[in-house]
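In what follows, a structure is listed as structure tokens, so that the remarks can point back to it.
What follows is calculated from the coordinates using simple rules that are stated; it is not laboratory data. Just so it is clear, the model here is predicted, and its values are computed rather than measured. A quick note on method: Cβ atoms are made from the backbone with ideal geometry, for glycine too, and the neighbour counts reach across all protein chains shown.
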Amino acid sequence: MELSPEEYGAYWRASLHVAAGVIIIYLGYQVVSPLLEYSNVGAVGIGIFIFVSLVVAGSFIAMLGVARTVRTAVDAEMRG
């Protein structure tokens, strides 16, 4: 599969999306973990809400990168 410069750039942007999604999820866990250690129900509830929100956002960003990678690969194969 030969890639044009635009397709090569699309692959790099897609990999950055995947990496950003993983980093958001990891940092979300690091930020929220102190809230989950409290015995207060409110703090734990807020921690769970923030963590779920960050996991959804990180997963969405990562899947955008995966979708872009697949779309670029399919376009390159159909062209060639």
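Numbers at a glance
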item: Additional length obtainable on full extension of the chain from residue 3 to residue 74, 0.36 nm per residue less Cα span; result: 24.4 nm
item: Average projection area in nm² (convex hull over Cα atoms of the chain, one quarter of hull surface); result: 5.3
item: Label-point separation, residue 50 to residue 11 (7 Å along Cα→Cβ), nm; result: 3.9
item: Test item: Cα-centred dipole of the chain, Lys/Arg +1 and Asp/Glu -1 on Cβ, debye; result: 140
item: Residue-count net charge about residue 74 - beta-carbon cut-off 14 Å; Lys, Arg +1, Asp, Glu -1; result: 0
item: Positive-end residue of 25, 39, 51, charge dipole of the chain with Cβ unit charges; result: 39
